[in-house]
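Reviewing the structure listed below.
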Amino acid sequence: MEKMATRDAYGKALVELGKINKDVVVLDADLSGSTKTAGFAKEFPERFFNMGIAEQNLMGTAAGFAASGKIPFASTFAIFACGRAYDQIRNTIGYPKLNVKIAASHAGLTVGEDGGSHQMLEDISLMRTIPGMTVIVPADGVETKQAIFAASEHQGPVYIRLGRPSIPIIFDDRYKFEIGKASLLKEGKDVAIIATGIMVAEALEAAKELEAQGIEAAVLNISTIKPLDKEAIIQIAQKTGAVVTAEEHNIIGGLGSAVAEVLVENYPVPMERIGVQDTFGESGKPDELLEKYGLKAKNIIGACQKVLNRK
Amino acid sequence: MMDEQQLKFIEEKAKKLRQHIVKMVGAAGSGHPGGSLSAADILSYLFFKEMKVDPENPRWSERDRFVLSKGHAAPVLYAALAEKGFFPVEDLSSLRKINSHLQGHPDMKKTPGVEMSTGSLGTGFSATIGMALAAKLDKKDYRIFVMLGDGEVQEGQVWEAAMAASHYKLDNLIAVLDYNGLQIDGNINDVLSPEPLNEKWRAFGWEVIEIDGHNLEEIHMAFTKANEIKDKPVMIIAKTIKGKGVSFMENEAGWHGTAPKPEEVEKALLELQ
């Protein structure tokens, strides 16, 4: 299976974007080798700005670029972007609705060995509560590339969540990403697995194994957490009558919460949430962490069986 | 030296700004008169002498930009924008009221002439770094002006921005520090001393000019000199008096964020004739 890290896809997309859009500028906070903005820096040094290890100023500077008609992509690790510079994102980017694209890498447990201090598990929650903020969590490299281009064409602040490890390529060239549109990756009538980011590949694997057990699970990829594709969620809940969400994020405030908000107001069905159970992470290999914190296909399968019993 | 007529004009405008500040904060029943009054002479000079702006076309691409990083001094900015013609002077009485375009802190989405939404201290200053870099990238010669409060420099973000400005040699960025010496909890040197300010800014790679922020000749000299500095940003440390122009507000920390009562507004306006 072909694999690629979403941060790598981001780096490549930026270089392509830089060629066709001269208004694109890129800012980083001393992590360009890791966030993969280094490729853009090499190609377009005059449009790349290293702001040093100063994330508050990184976000504020990006806001100033946007106020001057540029399309800034501000990159650092998700933990520093959304944590360290939350006020700057909220007040200097979100409040004035400035056209800043925050592309944050190394989100979630799969940062791995750096440990809990670096594993951002609250970013979806923090970003989606900012009015007017678009929140995108691509599921693979193909979707990442399209999301970066879509973000550059979208007027307003966008948060894009990227990851460190190589993950399976799910989509082929026929796939068309659209902000605010969920994609149904597998039909199914018994249960719906609604997943985001790296958990989409796990959801597909889970659905395959469930099929062997005679359970038809639908898989819905939610790559735009905000604005959320409510219709797609309601439809699939109506069709299956049971929902399992899966995300590499705290179960509080992320995809599971967002889906629950939609269902409880529109079409309540039994629901289970796979995610990090309101705890911090720790050091370890990405796969070991996903295993320990219950974010594997088998955990999704377990949740599906549980939710089916509640139907 | 400025000619007598020009000096008089800016002086008169500064007086007008002060009258507006007292009246609008009084009418709002809340707000920040002290740090607005301390900045009135500098804003009068900037808006009525120094800056190229077009009230008819607030988003004119070649304009100079002014960002009020000490956003709580919004009244002085609104007064200057109204006097300059960005919106009717009558609007000032709607400050802080529901549905007004004049928010408690500057909002670029609502008020014509406001270049950046500020209020959380330190954030506006960073935005001017982006503006100055964008101007350089586009090879435009407009300038970016930013005013910081003295208490504001206690924010770490200010020093992140200060470092970036000199690193990128932003000689199109001119900052003014409204050094009125008081913050909410009292004397700045008792709360958390930012001194030595001159040396700090120099150490961060800035050209520093110290002036009396109420002396228009000194203000004029400072900006004239600042415009000639190449390859580095300029910080004008302007020694000011909080509440300047209203005797009972001068040098009183209590007037940082307290609105004058109607009788106090009357008394203040008598002094500002």
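The values are calculated or read from the model by the stated rules, or taken from the named source; none is laboratory data. Being a predicted model, the structure only gives us computed values, none of them experimental. We place every Cβ from the backbone using ideal geometry, glycine too, and count neighbours over all the protein chains shown.
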### Message
Can you find, within the stretch A:208-225, the residue that is farthest from A:THR144 (Cα to Cα) among those that are more than 21 Å from the chain's Cα centre (by Cα) and buried (at least 21 other Cβ atoms within 10 Å of the Cβ)?
### Response
A:LEU210
### Query
When the residues of the stretch A:171-189 are filtered to those that are under 15 Å from the mean Cα position of the chain (by Cα) and part of a loop (DSSP other than H, G, I, E, B), which remaining residue is farthest from A:PRO72 (Cα to Cα)?
A:ALA182
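Please work out which residue is nearest to A:MET4 (Cα to Cα), limiting yourself to the stretch A:105-115 and to residues that are surrounded by fewer than 24 Cβ atoms within 10 Å (Cβ to Cβ) and not charged (D, E, K, R). Explain how you work it out, then say what you get.
Going through the stretch A:105-115, the residues surrounded by fewer than 24 Cβ atoms within 10 Å (Cβ to Cβ) turn out to be A:110, A:112-115.
This time we only want the ones that are not charged (D, E, K, R), so: A:110, A:112, A:115.
Values: A:THR110: 14, A:GLY112: 17, A:GLY115: 22 Å.
Only one residue tops the list, namely A:THR110.
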### Set A:VAL100, A:VAL135, A:VAL142: member being β-branched (Val, Ile, Thr) and closer than 18 Å to A:THR37 by Cβ
A:VAL100
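Would the stretch A:47-54 turn up any residue that is under 21 Å from B:TYR142 (Cα atoms), part of a strand (DSSP E or B), more than 9 Å from chain B (Cβ to nearest Cβ) and touching a helix residue (DSSP H, G or I) at 6+ places or on another chain (Cβ under 7 Å)? Full working, then the answer.
Here is the first cut: in the stretch A:47-54, the residues under 21 Å from B:TYR142 (Cα atoms) are A:47, A:49.
Okay, now just the ones that are also part of a strand (DSSP E or B), so A:49.
Next, only the ones that are more than 9 Å from chain B (Cβ to nearest Cβ) stay: none.
No, the stretch A:47-54 has no match at all.
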### Message
Just checking, does the stretch B:66-82 include any residue being within 14 Å of chain A (Cβ to nearest Cβ), in contact with a Phe, Trp or Tyr (Cβ under 7 Å, 6 or more places away or on another chain) and surrounded by fewer than 20 Cβ atoms within 10 Å (Cβ to Cβ)?
### Response
no
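How many of the residues making up the stretch A:135-153 are surrounded by fewer than 22 Cβ atoms within 10 Å (Cβ to Cβ) and either closer than 13 Å to A:THR224 by Cα or not assigned by TED's automatic domain parsing to the domain that holds A:VAL24 (or both)? First the steps, then the outcome.
Applying the first criterion (surrounded by fewer than 22 Cβ atoms within 10 Å (Cβ to Cβ)) to the stretch A:135-153 yields A:142, A:146, A:149-150, A:152-153.
Checking which are either closer than 13 Å to A:THR224 by Cα or not assigned by TED's automatic domain parsing to the domain that holds A:VAL24 (or both) leaves us with A:146, A:150.
Count: 2.
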### Query
Is there a residue in the stretch A:20-34 that is away from every other protein chain (no Cβ under 12 Å), over 18 Å from B:ALA134 (Cβ atoms), touching a residue at least 40 places away in the same chain (Cβ under 8 Å) and buried (at least 24 other Cβ atoms within 10 Å of the Cβ)?
no
### Task
Check the stretch A:71-94 and report whether any residue there is at the interface with chain B (Cβ under 10 Å from one of its Cβ atoms), of a type in the set (D, E, K, R) and buried (at least 23 other Cβ atoms within 10 Å of the Cβ).
no
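Are any residues in the stretch A:215-232 of a type in the set (Gly, Ala, Ser) and either touching a residue at least 60 places away in the same chain (Cβ under 8 Å) or part of a loop (DSSP other than H, G, I, E, B) (or both), and if so, which ones? If you could, list the steps in order and put the result at the bottom.
Initial filter on the stretch A:215-232 (of a type in the set (Gly, Ala, Ser)): A:217-218, A:223, A:232.
A:ALA217, A:SER223 - these are the residues of the stretch A:215-232 that are of a type in the set (Gly, Ala, Ser) and either touching a residue at least 60 places away in the same chain (Cβ under 8 Å) or part of a loop (DSSP other than H, G, I, E, B) (or both).
How many residues does the stretch A:116-134 contain that are buried (at least 17 other Cβ atoms within 10 Å of the Cβ) and assigned to a loop (DSSP other than H, G, I, E, B)?
Of all residues in the stretch A:116-134, those buried (at least 17 other Cβ atoms within 10 Å of the Cβ) come to A:118-128, A:130, A:133-134.
Now drop any that are not assigned to a loop (DSSP other than H, G, I, E, B), which leaves A:119, A:121-122, A:130, A:133.
Going through the stretch A:116-134 one residue at a time, the tally reaches 5.
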### Task
For the stretch A:233-284, enumerate the residues that are in a loop (DSSP other than H, G, I, E, B) and more than 20 Å from the chain's Cα centre (by Cα).
A:GLY241, A:ALA242, A:TYR267, A:PRO268, A:VAL269, A:PRO270, A:GLU282, A:SER283, A:GLY284
### Message
Among the residues in the stretch B:185-192, are any buried (at least 18 other Cβ atoms within 10 Å of the Cβ) and over 28 Å from A:PHE65 (Cβ atoms)?
### Response
yes
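The rows are residues; the columns are (1) buried (at least 21 other Cβ atoms within 10 Å of the Cβ); (2) of a type in the set (Phe, Trp, Tyr).
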{"site": "B:VAL146", "(1), (2)": "yes, no"}
{"site": "B:GLU160", "(1), (2)": "yes, no"}
{"site": "B:ALA164", "(1), (2)": "yes, no"}
{"site": "B:ILE174", "(1), (2)": "yes, no"}
{"site": "B:ALA203", "(1), (2)": "no, no"}
{"site": "B:TRP206", "(1), (2)": "yes, yes"}
### Task
Note down all Cβ pairs under 6 Å where the first residue falls in the stretch A:37-58 and is in the same structural domain as A:THR92 (by TED's automatic domain parsing), the second is at pLDDT 95 or above and surrounded by fewer than 17 Cβ atoms within 10 Å (Cβ to Cβ), and they're at least six residues apart or on different chains.
A:GLY52/A:ASP30; A:ILE53/A:ASP30
### Message
For the stretch B:146-176: of the residues being of a type in the set (Val, Ile, Thr) and part of a helix (DSSP H, G or I), which is nearest to the other protein chains (Cβ to nearest Cβ)?
### Response
B:VAL158
### Task
Go through (1) within 7 Å of another protein chain (Cβ to nearest Cβ); (2) part of a strand (DSSP E or B); (3) of a type outside the set (Ser, Thr, Tyr) and name the single condition A:ALA63 misses.
(2)
### Query
How many residues does the stretch B:121-142 hold that are within 10 Å of another protein chain (Cβ to nearest Cβ), surrounded by fewer than 19 Cβ atoms within 10 Å (Cβ to Cβ) and not aliphatic (A, V, I, L, M)?
3
### Summary
When restricted to A:LEU255, A:LEU228, the only residue assigned by TED's automatic domain parsing to the domain that holds A:ASP190, crowded, with 20+ Cβ neighbours inside 10 Å, at negative phi and among the hydrophobic types (A, V, I, L, M, F, W, C) is A:LEU255
### Task
Give just the number: which of (1) more than 9 Å from every other protein chain (Cβ to nearest Cβ); (2) under 24 Å from B:PHE145 (Cα atoms); (3) in a helix (DSSP H, G or I); (4) without any contact (Cβ under 8 Å) to a residue 60 or more places away in the chain does A:ASN99 not satisfy?
(3)
